[in-house]
Structures are given as C-alpha cells and as structure tokens.
Amino acid sequence: MAATRAKKIPISERFGKATAVFLLLAGTVVFGLPLYIMLTMAFKSPHEIAVSSPWALPEHWKFSNFTDVLSNPNVSFFLFFKNTLIIAVMASLGATITSAMVAYAFARMNFRGRDRLFIVLLSTMMLPGIVTMIPAYVLFKYLHWINTIYPLWVPAWFGGGAFNVFLLRQFFMGIPREFDEAAILDGATHARIFWSLIIPNSKPALATVAVFAFIYNWRDFLDQLIFLNSPNKQTLEVGLSTYNTLNSSQWNLLMAAAVLVMIPVFIIFLAGQRYFVKGIVMTGGK
C-alpha cells in the first residue's frame, strides 16, 4: 500500500464543479447561437436563406456577399470605418489617461472632501443617458460642434467616466503604499509617482479600461446618430442602419455587413484578452 493516497474529492465539490461547467456551456450556447446564425446567413444566397433552415450551414459559400457590401456605391464602409476608428481611438485614449489621473487622486492622495466627492462621482452612474442628452446637445450646439466628431471623443478627455475611475481606483488601492512612501523620500512628486510607479504596475487595469472604452465607442449608435448629420461623417453603426434601410430584404448582405462591423471589436478583444481578464480578477483584491 502506498504511503500516501490521493485525497478523494467530496461528492458535493464534484457536483458543484459539474454544475459550473454545465452552466458555462449552456451560457456559451445561448450567447453563441445568434452569432452562429449571423455567420451562416452571411455566406448564403437569398434563395438559400428562403428555403433552408437558419441552423443549416451554407451549401455554397458566397464570399461575394462581403465584396458586394464593400463595393456598394451608396454606403461607403471604408469611409465609415475611418471615421469610427478615429472616434474610438481618440475616445479610448482620453478615457484611459484621464480616468487614471482622477483615480490616482482618489486612491493615493489625501485632500479635504475626497470621499464625498467620490460618492458624488459614483452617483452620476445612476443618471440615465437620456437625462443628459438634451443639455449635452445644447452645449455642443453652443460650441458649434454639431455635425463634427468632437462631441464623440472630446468629453472622454475630461475624467474618462465614473465607471472607469471606480475600476482604476480599486486597482490602485491594491498597490502597496510603501512604494509611494519610498518614492517621496527620494524626492519624487505625485506626477512622477503616477507615471513611473503606478502606471507601469497597472497595465492589466488600464488595458481593461481601454478595451471597454474602445468597444463602447465602436458600437455607439445613439450619440453618433444625434451629433452627426452629413453622410460623409457617418460611422459604421449609423452606416449599417442606413444600409439596412436600403437593403431591408437582402438578409445575406445585411449579415455580411454586420460581420464586417464586428471583426475589429473581435480582434481588439483577442489582443487584450490576457490583460482584460487579469485586470478584472485583480481589481477587487488588495
């Protein structure tokens, strides 16, 4: 008989793991089915969509659906892609940089009324967007920014959003205070501590904020619809709606266009997945 035996896993623990795996698989199927149907329809012909099941794979894969979408003379997806990319990149940079600055002040600096100001900041998360829509439109109209991309990325450079500040503050609070004290003894200022100490040790959280901000601004529809009027300034989401109006009966082209709009977001998520997951896991810990 061996000196040591492998410890048996309790039945309750095995049942809990099996239940968790089952729920994860069920959730994957539920959330993956719409994506699967979209992909299969994007490669089918109109006739095949009409006569076949939406669950069936295409009999004849029509890659020409994507070229038809990109070559449409009425909807310039290349122009929409450029407009959307500029907005998403500028807004993501602004949200990441400025929210990190605000979060550093709340997490590492002591000043009068800090906690009360943080509560006020968090309370803004409870305001629905429809409440601030009209005041924002009036403000940007006064600044003559209507029908420009400025309302879509400039506000991101003024704080970065309450959720991003909260996320980064929680992460910054997990960095030991001894680092700050040692840096201050060496004569470092708060700006030096922020850029040389906090930022290099917060890459997972910063990547999480950047991914969230990029996806939000890439997929934003309402703000872009309100503030942009000219066809040559439209973004992908608004352009997809326009394409839907022009080709409402051609489901294969609509699904192909939706796949094209989704590809950059998918690539960004895959590129930052490691930092994204690590940032979410580490944010709540000390």
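Laboratory data are not the source of any read-out in this text; all were calculated from the coordinates shown. Treat the numbers as computed from the prediction; the structure is a model and nothing was measured. All Cβ positions, even for glycine, are placed from backbone atoms using ideal geometry, and neighbour counts span all protein chains on display.
Tabulated data
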| read-out | value |
| --- | --- |
| Relative contact order, percent, the chain [alpha-carbon distance under 8 Å, six or more residues apart] | 30 |
| Other-chain or far-sequence residues with amide H under 5 Å of residue 62's (modelled H) | 44 |
| Cα-derived Rg to Rh of region 12-65, Kirkwood definition | 1.27 |
| Viscosity 1.567 mPa s, 4 °C: Kirkwood-radius Stokes-Einstein D of region 102-227 over Cα pairs, µm²/s | 78 |
| Ranked list, fewest to most other Cβ atoms within 10 Å of each Cβ, for 214, 269, 22 | 22, 269, 214 |
| P(r) histogram, all alpha-carbon pairs of region 108-162 included - 5 Å bins from 0, percent | 4, 15, 18, 24, 15, 11, 9, 4, 0 |
| For q = 0.21, 0.26 Å⁻¹, Debye-computed log10 I/I(0) when each Cα of region 1-90 counts as one equal scatterer | -1.05, -1.16 |
| Pairwise Lys count, region 1-148 - Cα closer than 26 Å, eight or more residues apart or different chains | 4 |
| Whole-angstrom Cα spans of region 151-286 along principal axes, big to small | 68, 29, 19 |
| Helical contribution to [θ] at 222 nm, DSSP H n ≥ 4, -39,500 (n - 2.57), averaged over the chain, rounded to 500 | -21500 deg cm²/dmol |
| Hull volume in cubic angstrom per residue (convex hull over the Cα atoms of the chain) | 233 |
